[in-house]
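The values are calculated or read from the model by the stated rules, or taken from the named source; none is laboratory data. Just so we're clear, the structure is a prediction, and the values are computed from it rather than from any experiment. Positions of Cβ are generated from backbone atoms using ideal geometry, with glycine treated the same way; all protein chains shown enter the neighbour counts.
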Amino acid sequence: MQRETDKRITYLATTFLVLGLIVVGKLFILQVIQHNYYSTLALSSRELLSELNPKRGKILYSDCRTNIEYPAAINRQYYQIYAVPKDILAVDIMSSTEFLAPLLQMTSTEAKADIITKLSKTGDPYEPLAKKIPEDVKEYIASSSLKGIGWNAEDYRYYPEKDLAGPIIGFARQSNNTLVGSYGLEGYWEKTLAGQPGFVMGETGALGGWISNAGLTRRDAEEGADIVTTIDRALETEACTALKEGMKEHEATSASLVAMDPKTGAILAMCSFPDFDPNQYSNTSNLRAFNNNVIFTSYEPGSVFKPLTMALALDYELVNPNTLFTDPCTRSIDGFTIGNALKKCYGTVTMTGVLENSINTGMIWVEEKLGRERFYNGVKKFGFGENTGVELDTEVPGNISSLEKKGAIYGANGSFGQGITVTPLQLAVAYSAIANEGKLPFPRIVSEIRHPDGRIEKIAPRTTEEVISPRAAKLTTSMLMSVVENHYPALRLPRYYIAGKTGTGQISGVGGYTEDTNHTFAGFAPAKNPAIVLIVRYEKPNKPWAESTAGPTFQRVMGFALNYLGLPPEK
């Protein structure tokens, strides 16, 4: 019997020893091997994290004359109106609906029915009714003392100028209680404008209250920086108004305009149509409106490219303005026949005459004197085929890859702006090199960044080395002055000389070129001391030639700009 008892005691002791070893082993695993995991898990169940959202920085327009700044994008507080159906009596549902519907702009039968459905959800603690309600409407609702109706404040982006420069500014949308920028300046400068979020972190007890001796960690939000643009509000307003009116008059599919200081690269005005109101971006039916045509839509420029080809030949001293050329009327190259517009033949003319009359065969002759390698390298030096680097979302590089191909036809077509694609901004930069004694400026649309700590970051102008010599730039300028003075007298300005060129480029389609055209006027003024380079482009207008579409818009905007800036007259 004693031996049986000893066996039982030994068995129980062994069992407890094994169980003890298992417990000790488990504790070792939990407290040592998996300590970090379970510590984090425990802390996360007791930790309170509150994110502190920063205020988004402002976007400001400039004024070239007064240095006064105007808001292009700011923050404004609106309200979300919601219902707590469990607190609403059934007898009050209809009267509450009739009161709220007009205030929330939900007066249609369907909208009212939706309100009634939400208010009727017995026991429901929350039903959103409307967003982005102005403060005065919220205050009126609050004064009514309706039961079961509440509101939350929300920050939204507000654009005081509405659809002015919508594709250039872009928009900021609500996402997880913060604003996120898309397109234009809002998209490109997202990180700068958004700032850095902060947080409050601590521990709570079982009942949810703070544990005061557990410590509190706080990092304040870093507010977004303000950016000041180079866009002049008055010039932007006039330029975009003129472009929009011209687009409507000429029934164009799209339109774009850019005005730039050729010396500093500062963009003074930029317009793109179709456009949109950033305050109501979700109502935009034409998605093309979000893309800025000045930097996003590349096209075959046509004859506005001819002065650039001529400038390269002048730079290599292969021609001068008085070099003679005899027009063969047509050229046959690689099995293709190329002629002049309206099948005209011009006889013997100077290089200035080639530009004045926009002679395709003359430009082919110039390109052949240059040779493909020098022509291609010169086109690249002017900035074509790559992004300009402007601080906007989203830019495309255009396409000059045809100039890399072996056939002579590609260089011939490229000489007069066919078979290659460019953006209006690239044209503005290239013409700026002619206006700026051969130096190519980097385009910039932001003049300074104002950081929340008071630091001001100036964006200094930058230029590359000379693309062409000052001599070639001046000769090209004088030839472009002759183009306007002798060939487009209706586009002259009474007090200033314009150096400019039109381009009417065919639009390619399936199987070849269509009857549709792009119209461009590219130029600068005052010609003797250039202050503004201006590019105007219409897509598929209802008239045959750019001198009657893009030309008048150029004249109107340039005339306003020169007078607005108070530049001394040349004439």
Would you be able to say whether some residue in the range 145-160 is aliphatic (A, V, I, L, M), at negative phi, in contact with a helix residue (DSSP H, G or I) (Cβ under 6 Å, 6 or more places away or on another chain) and not assigned by TED's automatic domain parsing to the domain that holds residue 269?
yes
Any residue at all in the range 278-298 that's closer than 25 Å to residue 407 by Cα and in the same structural domain as residue 429 (by TED's automatic domain parsing)?
yes
Quick check: anything in the range 304-322 among the polar types (S, T, N, Q), touching a Cys at 6+ places or on another chain (Cβ under 9 Å), under 21 Å from residue 483 (Cα atoms) and part of a loop (DSSP other than H, G, I, E, B)?
no
Residues in the range 274-297: is at least one farther than 30 Å from residue 159 by Cα and either modelled with pLDDT of 95 or more or surrounded by fewer than 20 Cβ atoms within 10 Å (Cβ to Cβ) (or both)?
no
All but one of (1) of a type outside the set (D, E, K, R); (2) farther than 24 Å from residue 298 by Cβ; (3) touching a Lys or Arg at 6+ places or on another chain (Cβ under 9 Å) hold for residue 451, so report the exception by its number.
(3)
Determine which member of the set 394, 361 is crowded, with 18+ Cβ neighbours inside 10 Å and either in the same structural domain as residue 536 (by TED's automatic domain parsing) or hydroxyl-bearing (Ser, Thr, Tyr) (or both).
361
Candidate set from the range 423-473 (those that are closer than 20 Å to residue 223 by Cα and among the acidic types (Asp, Glu)); member that is nearest to the chain's Cα centre (by Cα):
448
Please verify whether residue 387 is of a type in the set (S, T, N, Q) and farther than 20 Å from residue 258 by Cα, treating the condition exactly as stated.
no
Starting from the range 474-487, keep only residues that are assigned by TED's automatic domain parsing to the domain that holds residue 523, then list their pairs with residues that are surrounded by fewer than 16 Cβ atoms within 10 Å (Cβ to Cβ) whose Cβ atoms are within a distance under 8 Å, requiring at least 6 positions of separation or different chains.
475/320; 484/492; 485/492
Could you tell me whether the range 82-98 includes any residue that is touching a Phe, Trp or Tyr at 6+ places or on another chain (Cβ under 8 Å), modelled with pLDDT of 90 or more and more than 30 Å from residue 281 (Cβ to Cβ)?
yes
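Do you know which residues across the range 381-405 are farther than 28 Å from residue 181 by Cα, in a loop (DSSP other than H, G, I, E, B) and hydrophobic (A, V, I, L, M, F, W, C)?
Once the filter is applied, which keeps residues that are farther than 28 Å from residue 181 by Cα, in a loop (DSSP other than H, G, I, E, B) and hydrophobic (A, V, I, L, M, F, W, C), the range 381-405 yields 382, 384, 400.
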